[in-house]
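Reading through the structure tokens given below for one structure.
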Amino acid sequence: MPLTTNILIVGVGGQGIVLAGDVIGLAARLSGLEAKASEIHGMSQRGGSVVSEVRYGIHVSSPLIPPPGANFVLAFEMLEALRGLERMRPGGLVIANRQRITPASVTYGSAVYPEDAEEQLLAACPKAVIIDALAEAQAAGNARAVNSVLLGMLAHHTALPRQNWETALAQTVKPQYVEVNLAAFARGYERAERNV
Amino acid sequence: MDLILTGNQAIARAARDAGVALGVGYPGTPSTEVLETLVTLEGGHAQWAPNEKVALEVGIGVSFGGARALVTMKHVGVNVAADPLFTAAYTGVAGGLVVMAADDPGMHSSQNEQDSRHFARAAKLPMLEPSDSQEAYDFTRLAFQLSEEYDTPIMLRTTTRLSHGKSTVHEAPAETDLPAPVAPQNPQKYVMVPGFARARHLVVEDRQVRIQEWAESADITKTEYRDKKIGIITSGVTYQYVRDVAPEASTLKLGMVNPLPMAAIIAFAKEIETLYVVEELDPIIEEQVRAAGITVIGKANFPIFGELLPGIIAKGLGLEVKPSATATSGLPTRPPSLCPGCPHRGVFLLLKKNGLTVSGDIGCYTLGVFAPLNAMDTCVCMGASVGVAHGLERAGLDPAKIVGVIGDSTFLHSGITGVLDMVYNGSHGTIMILDNSITAMTGRQQHPGTGKTLDGMPAPSVDLEGLLKSLGVQDVTVLDPYDLANTEAELKRALAYPGVSVIIARRPCMLIPHEIRPKLTVDADLCKRCGKCLRLGCPATGKIAEEYNGKTRYLPVIDAQLCNGCGVCAQLCAFGALKVKE
């Protein structure tokens, strides 16, 4: 395991990004590691781009990911995945939800959503994993469990034990949603296993 | 397992464990969650004040009564609270008084990035700055002790990354045997008339010297020698960045950023070959180090604006930062926007449509400035919409073409006196209070107009109409901003009214309990693809490109997941193509 694992979570306000960060931090701590995280509240939560950073390891100083960047970029949306690339370290891995959320600058303005977002992502990170997490979440029983699908995929690529991820997830989401989130997590985890 | 807490949560728990009688403040990112957390803790008491000045005055009163108080605000809130702050430095305290000022370098959610350390220097108040959640807890506990020991309010500075950063916290035993409240009985100390204040000023100056002496050898002044070729003086969360970026460098971490432990700084500087100061925002440490005759590299290498993110610190230290991967195309920006069904949206559309000059204010509705609404011309600070609207009128502009726009919480914070001024000085201006019955932007906090207190208990709700009438406003109108035709008619009438008009546009925020309305859908057969509905900029509306007679045209679509059924878009459609979904 590298000294510190750095995870950049990117997406759009309201997608459950803060919760995903909490699960990662707790899974790390259940594994006996130190975890730090940084999130942004306020104006950025009104449908804007949202970035959350989580770091874990034997000892962690900064709550923000320092150069050379993130080991993992966990992207809830394709455009934000592209935006997150500049924070990824060489050899890092992008795990992206295939969903596209059109920003206002495209709907009402002259900006263009990159049609070739997936190609661009794969060009910058050839081993990037792009998954239809919304469909997986729906298959698991709840469209809102997208973050658990993505966490499942991430979990497989980290050195933290699966059991600790599941405990962390179960302790973080509301009791009535534990089951569906664990199912979504399992779908993500097993998807990642099959792709390896 | 220790707790994992944000800096704000840690401060709240420390305040509770320090036995504070009250936490008081006004919401403001990134400070808001301190009181929201404190009120949920067993034994925690907290309340919102209408603004930061009142909050601090209440905190001072708690302290004068012999109990402990925590007062919280964002950096610009300190401007509002500055009047009591400067004189509280003279009176000192009875019970411990800690004033938390949350700075926002990088302006994640603020109108400026002023540096609160200036206030500590100007008011001659000791200021502590924690670097992670554990220190947020420890320094808050320490601040209450120092406040009582040195008879002074203590400022606690955080930044966005400290307030909203998460790390582990180990709590210390709570204090239990705090003294009972006692009425203040020392006018020479607590009544600041010139004769008494002159004597207190000397106390302030002496106190600064004594607490500086304490800081020289205190645990919170951390000298860490490693490689002495590079030494870095820093404080707050930037210390953590420095440790990651330059792990071999020696560091002097300052837990107290006013007054500075100059002897410790001089001793550190003597050991170091190349000395840096890494501090976010203004060169406050750097200038004092220079004034001591020490050669140091600061703002020459590290920007005076924005956050000093780890990559920026690395560059400033001359370390190589390898370029990273990027997308190959330009990426459209994704600014924040008003929520689907937000009651403010239609109002801004009408203000734009009528070609009005709009003086705006601080809150969600400041988002009215962005495309496609483009309906705000000025925004300065809390409450300024009212004064600026009146000033534009006094500049000689036609008041029938000017509207000041302010939210309910902002109006109660500092809009009332502006309206009083308009009435007093014979204005013909028009103010719209966008009353969504909550402090929305900071995350749905209660205020004196919502009928609830911070702890969720019922409270009297201010009667805005009655308040305005008693200020002397003759023309007060309450309307439903979802009704565009009526809103526009009332707006035109108010603008023509020869006196002060206030329109209260009342509809609850979409993020608090509100009327559930049927969602809308687009009838593609009736739609003429004019795009008028898209000019609202509602996140629930999108468009699908179609080929038609060799040209591309766009069919609007409504996302049923996002639509809140406000029906404002349907009112814009001349063809009846936007309908309630069957």
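Here, each number is a calculation from the coordinates, and none is a lab measurement. Treat the numbers as computed from the prediction; the structure is a model and nothing was measured. Here the Cβ positions follow ideal geometry from the backbone for every residue, glycine too, while neighbour counts run over all protein chains shown.
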Of all C-alpha pairs within the range B:234-345, those more than 23 angstrom apart amount in percent to 42
Amide proton proximity set for B:GLU307, modelled H, under 5 Å, gap of 5+: B:GLY106
Note, the range B:316-327: 3J(HN,Hα) by Karplus (6.51, -1.76, 1.60, θ = phi - 60°), whole Hz, Gly/Pro = x, goes x, 8, x, 7, 6, 10, 6, x, 9, 5, 9, 6
FRET efficiency for B:ASP83 and B:LYS581, using Cβ-Cβ distance with R0 set to 45 Å, rounded to 0.05: 0.25
I'd like the projected area of the range B:1-53, averaged over all directions, using the convex hull of its alpha carbons. Report it in nm² with one decimal. 3.9
Amide proton proximity set for B:GLY383, modelled H, under 5 Å, gap of 5+: B:ILE362
The exposure ranking of A:LYS36, B:LYS228, B:LYS124, B:LYS551, fewest beta-carbon neighbours within 10 Å first, is B:LYS551, B:LYS228, B:LYS124, A:LYS36
Theoretical FRET efficiency, 1/(1+(r/R0)^6), r = Cβ-Cβ of B:SER461 and B:TYR225, R0 45 Å, to 0.05: 0.15
In Å³ per residue, the alpha-carbon convex hull of the range B:460-567 encloses 136
Each residue of the range B:42-58 in order: what ³J(HN,Hα) in whole Hz does its phi give by Karplus 6.51 cos²θ - 1.76 cosθ + 1.60, θ = phi - 60°, with x for Gly and Pro? 4, x, x, 10, 8, 8, 7, 9, x, 7, 6, 5, 4, 4, 5, 5, 5
Output the direction-averaged projected area (hull surface divided by four) of the convex hull of the alpha-carbon atoms of the range B:131-287, in nm². 11.8
Where a ≥ b ≥ c are the square roots of the eigenvalues of the C-alpha gyration tensor, would you call the range B:184-265 rounded, which needs a/c under 1.5, or, failing that, prolate if a/b is larger than b/c, or oblate? prolate
Alpha-carbon gyration tensor eigenvalues x 5, square-rooted, for the range B:106-147, Å: 22, 17, 6
Pull out a ≥ b ≥ c, the square roots of the eigenvalues of the alpha-carbon gyration tensor of the range B:43-147, then state rounded if a/c is under 1.5, prolate if not and a/b is larger than b/c, and oblate in the remaining case. rounded
For the range B:524-582, restrict the atom set to alpha-carbon positions and state the Rg and Dmax in Å. 11.4, 35
Dipole of the range A:1-146 [Lys/Arg +1, Asp/Glu -1 at C-beta], most positive-end residue of A:LEU8, A:ALA123, A:GLY57: A:GLY57
Restricted to Cα positions, what overall size does chain B have along the principal axes? Three whole-Å values, descending. 79, 63, 52
Here the relative contact order (percent) of chain A, from C-alpha pairs under 8 Å and at least 6 apart, is 21
Inter-centroid distance (Cα atoms) of the range B:411-430 relative to the range A:97-141, Å: 49
Label 7 Å along Cα→Cβ of B:ALA172; the range B:217-256 residues with amide nitrogen under 17 Å? B:217-222, B:255-256
Pairing the Cα long axis of helix B:384-394 with the longest principal axis of chain B, what angle in degrees results, from 0 to 90 and rounded to the nearest 10? 60
Note down the nm distance, to one decimal, between modelled labels 7 Å out along Cα→Cβ at B:ALA524 and at B:ALA496. 4.5
Beyond 19 Å between alpha-carbons counts as too far, so tell me which of B:LYS124/B:LYS253; B:LYS401/B:LYS492; B:LYS124/B:LYS270 fall in that bin. B:LYS124/B:LYS253; B:LYS124/B:LYS270
Under a Gaussian network model of chain A whose springs join Cα atoms within less than 10 Å, the largest fluctuation of A:VAL129, A:VAL106, A:VAL149 belongs to A:VAL106
Once you've got the GNM for chain A with C-alpha springs shorter than 10 Å, pick whichever of A:GLU136, A:GLU39, A:GLU77 has the biggest mean-square fluctuation. A:GLU39
Give the span of the protein assembly as shown's Cα atoms along each principal axis, as three whole-Å numbers ordered largest to smallest. 81, 74, 48
Taking only C-alpha pairs under 8 Å that are 6+ residues apart, what is the relative contact order of chain B in percent? 10
Antiparallel bridge percentage (DSSP; both residues within the protein assembly as shown; nearest 5): 40
Under 5 Å between amide H atoms, partner at least 5 residues away or on a different chain: which partners does B:LYS519 have, H built in plane at 1.01 Å? B:LYS581
Would you work out if chain A is rounded, prolate or oblate? Take a ≥ b ≥ c from the square roots of the eigenvalues of the alpha-carbon gyration tensor; rounded if a/c is under 1.5, else prolate when a/b is larger than b/c, oblate otherwise. rounded
Separation in nanometres of the label points that stand 7 Å from Cα toward Cβ, at B:LYS532 and B:VAL209: 7.6
